[in-house]
Amino acid sequence: MRVNVAGWSNSREVRVEGGKVQFEVGMDHNHCSTCASRVRHVEHALVQKDIPHRFFGGGGSALFVELDGPPQGVDLRDHLGRALNVAVR
Ligand SMILES: [Zn+2]
C-alpha cells in the first residue's frame with residue numbers, strides 16, 4: 001500500500017511481510033540532499049528508540065527500512081509514525 005508522510009512530497013510504499021513492515025524511505029543517501037536527510041531522520045529515530053531495523057535496497061532503486069510490525073490492535077500507520085518520528089497518513 002502507499003502512504004503519505006506529512007512534509008514529504010511523494011507518497012511512500014509500505015509492505016507487510018511475515019510480521020515485518022517495510023517502509024520506503026526514499027532513494028539512497030547518495031541520491032540527493034532530501035533523500036539523505038530522510039535516511040538520517042529515520043535512522044536517528046530508530047536508533048534513539050532502540051528499535052531493531054535493517055535498511056535494504058538503494059543503489060539506484062528505492063531504499064527501504066524493515067522493522068517489526070505493529071503489536072496486535074495498533075494501527076500500522078500509527079506504528080510507523082511513532083517508530084520513525086513522522087506523521088503517516
Ligand atoms: Zn533524492
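Short to long, the 5 Å bins of the Cα pair-distance histogram for the chain hold 3, 15, 27, 30, 18, 6, 1, 0 percent of all pairs. With the helix formula -39500 (n - 2.57) applied to DSSP H stretches of n ≥ 4, the chain reaches a computed 222 nm mean residue ellipticity of -9000 deg cm²/dmol. Between A36 and K49, the contour length at 0.36 nm per residue exceeds the alpha carbon distance by 2.7 nm.
Using C-alpha pairs under 8 Å with a sequence gap of at least 6, the mean separation divided by the residue count of the chain gives a relative contact order of 30 percent.
FYI, it's all coordinate maths here, none of it is from the lab. Every value quoted in this text rests on a predicted model; they were computed, and no experiment measured them.
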